[in-house]
Amino acid sequence: MTLPSSTVRESSLAQAEKPADADAFGCFVTGTDTEKGKTQVSSALLIAWGRRGLRTVGMKPVAAGTEHHGDSKVNEDVECLKAASTVQAPPEWVSPYLWDDPIAPHIAARQAGVQMDPQVIVRACRALFQRADVVVVEGVGGFCVPLSDSVNMADVARQLNLPVVLVVGLRLGCINHALLTNEAIAARGLRLAGWVANTVDQHMPYMAENIATLAAALPAPLLGHIPRLGSREKHEAADYLDLSLVPEWRTYLSD
Ligand SMILES: Nc1ncnc2c1ncn2[C@@H]1O[C@H](COP(=O)(O)OP(=O)(O)OP(=O)(O)O)[C@@H](O)[C@H]1O
Ligand SMILES: [Mg+2]
């Protein structure tokens, strides 16, 4: 068998078995599709909590697409989350399944002859909770992206049992995608903690009316509307989020 082209990092997880710190909290960030702003919003959440002095770490349990940086291979999302985090953690915790090719992860795994195991992700996440006050887990693509013939990322979200933040990429068609995603979240017994309207198409007709329709239909607060930001303004996305709208997060906001 040829060696997998991925980095499958299961080695040092044995130490990750302790239960999470009671004061730690987190969320699972999903989106209406790929490239709709999950990394942008995950980073913004990490930055917002970091500004409040909390120890934060981002996790991208399944990532596809690497590029060479010197001697190492890196994934853009993982690097963004690291840059937004205030504590660093071993790569096998932050990105346990990292595939080289920017393709559907279950196909990358199959090509490599590797079965992605949700329990590896759950243990890595628990390990991160030992090190940080806040763990933000970014999903991959949309909510139900397959990891194999029998497991998808929604199953992983269910096992992580974190409140979900849905990033709605504002463009024509997003209402349907958002409602379907909300149904899939509810069907797994997960709670939608909030959603973020992220401007993908800044010329979207009737944008405000679309947001109002979503606000009426989704069973969770709109945490913020992020406009289309220039490349120098992207770190400002945190300024558009109101974390006090998630009841269990309010306790961490008092100064
Ligand atoms: N509000 C915004 N203003 C400007 N650029 C944005 C905004 N939101 C996202 N982008 C850009 O759009 C691209 C896709 O966003 P992002 O990487 O956050 O999506 P994603 O859902 O995480 O994608 P993936 O499925 O690949 O993980 C990135 O280049 C990001 O910088
Ligand atoms: Mg991303």
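For the condition within 17 Å of the chain's Cα centre (by Cα) and among the charged types (D, E, K, R), residue 158 qualifies.
Report yes if some residue within the range 57-71 is hydroxyl-bearing (Ser, Thr, Tyr), within 16 Å of ligand 1 (Cβ to nearest atom) and over 13 Å from the mean Cα position of the chain (by Cα); otherwise report no. Yes.
Here residue 250 passes the criteria (1) more than 14 Å from ligand 1 (Cβ to nearest atom); (2) out of contact with any helix residue (DSSP H, G or I) (no Cβ under 6 Å at 6 or more places or on another chain); (3) modelled with pLDDT under 95; (4) not hydroxyl-bearing (Ser, Thr, Tyr) except the one numbered (2). Among the residues that make up the range 204-219, is at least one of them surrounded by 19 or more Cβ atoms within 10 Å (Cβ to Cβ), in contact with a Ser or Thr (Cβ under 9 Å, 6 or more places away or on another chain) and either among the basic types (Lys, Arg) or over 14 Å from residue 37 (Cα atoms) (or both)? Within the range 204-219, none of the residues are surrounded by 19 or more Cβ atoms within 10 Å (Cβ to Cβ), in contact with a Ser or Thr (Cβ under 9 Å, 6 or more places away or on another chain) and either among the basic types (Lys, Arg) or over 14 Å from residue 37 (Cα atoms) (or both). The set of residues from the range 226-241 being touching a residue at least 40 places away in the same chain (Cβ under 8 Å), within 10 Å of ligand 1 (Cβ to nearest atom) and under 26 Å from residue 185 (Cβ atoms) comprises 226, 237, 240. Residues of the range 56-74 that are small (Gly, Ala, Ser) and either buried (at least 21 other Cβ atoms within 10 Å of the Cβ) or closer than 18 Å to residue 35 by Cβ (or both): 58, 63, 64, 65. A Cβ distance below 6 Å, combined with a sequence gap of six or more or placement on separate chains, defines the contacts here; from the range 57-85, residues that are touching a residue at least 60 places away in the same chain (Cβ under 8 Å) and within 22 Å of residue 120 (Cα to Cα) reach residues that are among the polar types (S, T, N, Q) and more than 14 Å from ligand 2 (Cβ to nearest atom) in the pairs 57/85; 58/85. With respect to the conditions (1) within 13 Å of ligand 1 (Cβ to nearest atom); (2) in contact with an Asp or Glu (Cβ under 9 Å, 6 or more places away or on another chain), residue 54 lacks only one, and its number is (1).
The values are calculated or read from the model by the stated rules, or taken from the named source; none is laboratory data. It should be emphasised that the depicted structure is a prediction, and the values quoted were computed from it without experimental measurement. Cβ: placed from backbone, ideal geometry, glycine included. Neighbour counts: every protein chain shown.
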